[in-house]
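Accompanying notes for the structure given below.
Only the coordinates and a few stated rules stand behind these numbers; no lab work does. Everything quoted here is computed from the prediction, not taken from an experiment. Virtual Cβ from ideal backbone geometry, glycine too; neighbours counted across all protein chains shown.
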């Protein structure tokens, strides 16, 4: 912490709590409380129940959670592969070329995600590649939306790499492919894991583009949460939201453990 005095530290922590509790913690606590409630007519919920979680972890809700996990995993892998490839390729370009590549990958996040969804829908609803009505169009849209974050994360890590490792390997006769797989990518592994976790979390919560693209047999959990709250089932929607948060956090914790081991290595 940049503040060294005791009073300054207390002031900073007090300001943090004042800003954190109402803006971040309180809304999450409200959702958690609503997920265990059967009534909420006053200032506080009433009627404790776990029935909402029974509905949220069975049948179509469980299938929607599985759909979200598979979609996020596939989209994250695609985004990581494309973003890493582009970052490695752009590293050898001049300054103008790097800016052009950065702008290209940042474009999907510079416009509303619903625009990206519409663009994907129009582009893949006619030959030569028709993906409309399939699960793959949802995965593709999610990958397009999160690739920018993978690209930026890996690009920043490449800029911090010490070129001495690569130069030493090349001076010993290592081929470029060997340097890439045995030297550069292992050094980038912590950043790759961090990028994968970010892409996964963003994909798990994506709704706007998904609403335009998902087929009836491939409904992610955020769509089901929206449908539940739209029908007035707020408590069921809150339970589904808690399940979504818990599943995302568990995966991120697993990725964090891998990243910690990669950093130690």
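Shape class of segment 125-234 from the alpha-carbon gyration tensor: prolate, with a/c at 1.5 or above and a/b greater than b/c.
Computed packing ranks the peptides 144-154, 79-89, 121-131, 242-252 as 144-154, 79-89, 242-252, 121-131, most packed first, by mean other Cβ atoms within 10 Å. Does anyone have the angle between helix 113-123 and the longest principal axis of the chain? Alpha-carbon axes, 0 to 90°, nearest 10? Compared with the principal axis, the helix lies near 70 degrees.
Under a Gaussian network description of the chain, with springs only between Cα atoms under 10 Å, the residue in 105, 24, 235 that fluctuates furthest is 24.
Note on segment 6-48: Kirkwood radius taken over Cα pairs, Stokes-Einstein applied at 10 °C and 1.306 mPa s, translational D equal to 131 µm² s⁻¹. As a rough guide to protection, the peptides 106-116, 158-168 ranked by mean Cβ packing within 10 Å, highest first, stand as 106-116, 158-168. Distance from the alpha carbon centroid of segment 233-256 to that of segment 200-221 works out to 15 angstrom.
Set the Förster distance to 30 Å, then compute FRET efficiency between residue 177 and residue 94 from the Cβ-Cβ distance, nearest 0.05. The partial results should precede the final answer.
Details: r = 24 Å, r/R0 = 0.78.
Plugging the Cβ-Cβ distance into 1/(1 + (r/R0)^6) gives 0.80.
For the chain, the longest principal axis of the C-alpha atoms and the axis of helix 185-204 are separated by about 30°. If R0 is taken as 25 Å, the Cβ-Cβ distance between residue 41 and residue 254 corresponds to a FRET efficiency of 0.05.
Find the relative contact order for the chain and round it to a whole percent, using C-alpha pairs within less than 8 Å whose residues are 6+ positions apart. It would help to have the intermediate numbers written out before the result.
On the way: 299 pairs, mean separation 75.7, N = 265.
Contact order relative to length: 29 percent.
The angle between the Cα long axis of helix 135-160 and the main principal axis of the chain comes to about 50°, on a 0 to 90 degree scale.
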